[in-house]
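Step one of this worksheet: look at the structure below.
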Amino acid sequence: DADEFVWYYEGRNGWWSYDEKTSPELEKSFKSGQRSCTLLIAGFLYVIDFENMFQTRKNEPGRRRRIKRDKKDVESKGVAGIRIP
Ligand code: V3L
């Protein structure tokens with residue numbers, strides 16, 4: 001599993017992992033060659049743009065956060081807003 005890839009979104013000075021349901025969905029969409037996908041995350045629709053590698057809330061002016069695809073064991077702040085102690 002050391003070569004397994006997961007997905008991260010930008011927080012303040014660091015990256016958060018997407019939750020364990022969303023990350024595999026992103027990987028599947030990405031591998032199938034989609035340019036973007038729309039997913040329900042924490043009760044809101046988000047557009048994930050694989051060409052420009054950012055996410056933003058659909059239909060609402062929220063923050064545009066960078067995203068990255070990286071190894072599972074790289075440093076992160078935690079998972080979907082839950083901090084790693
Ligand atoms: N998964 C979970 N929550 C998210 C996601 C996501 N992919 N995208 C946005 N939110 P916006 P620090 C983040 C949350 O982009 O201290 C973190 O998960 C987002 O939560 O305008 O800045 C932390 O919980 C924010 O609360 O749509 O690193 C929190 O920020 C809200 O949706 C603080 O993290 C609006 O974000």
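Quick note: the coordinates plus some simple rules give every number you see, no bench work behind them. Please read these numbers as outputs of a predicted model, since none were measured by experiment. Glycine gets a Cβ as well: all are built from the backbone with ideal geometry, and neighbour counts include every protein chain shown.
Run the quick spin-label model on Asp49 and Asp19: label points 7 Å from Cα toward the beta carbon, then report their separation in nm to one decimal. Reported label-point gap for Asp49 and Asp19 is 2.5 nm. For trypsin sites (Lys or Arg not before Pro), the sites in the range 48-84 that DSSP calls loop and that have at most 11 other Cβ atoms within 10 Å are Arg63.
Taking amide H as placed 1.01 Å from N in the peptide plane, the amide H of Lys58 sits under 5 Å from that of Leu45, Tyr46, Val47, each at least 5 places away or on another chain.
Counting only GluC sites (Glu not before Pro) that DSSP places in a loop and that have at most 13 other Cβ atoms within 10 Å, the longest clean stretch of the chain runs over 21-50. So for the chain, averaging the separation of alpha carbon pairs under 8 Å that are six or more residues apart and normalising by length, what relative contact order in percent results? It comes to 36 percent, rounded to a whole number. In order along the range 11-25, phi translates into HN-Hα couplings of x, 6, 6, x, 10, 9, 6, 5, 5, 6, 8, 6, 4, x, 5 Hz, rounded to whole numbers, per the Karplus curve 6.51 cos²θ - 1.76 cosθ + 1.60 with θ = phi - 60° and x for Gly and Pro.
Amide H contacts under 5 Å for Lys77: Trp15, Trp16, Ser17, restricted to partners 5 or more places along the chain or on a different chain, H placed in the peptide plane at 1.01 Å from N.
Placing R0 at 22 angstrom, the Cβ-Cβ distance between Lys68 and Ser32 gives a FRET efficiency of 0.70 after rounding to 0.05.
Taking amide H positions as modeled 1.01 Å from N, with prolines and chain starts lacking one, the residues under 5 Å from Phe50 and 5 or more places away or on another chain are Ser36, Cys37.
The magnitude of the dipole of the chain, with charges of +1 and -1 set on the Cβ of Lys/Arg and Asp/Glu and taken from the Cα centre, is near 420 debye. Kindly identify the chain as rounded, prolate or oblate by the Cα gyration tensor criterion: order the square roots of the eigenvalues as a ≥ b ≥ c, call it rounded if a/c is under 1.5, otherwise compare a/b with b/c, prolate if a/b is larger, else oblate. Because a/c hits 1.5 or more and a/b fails to exceed b/c, the chain counts as oblate.
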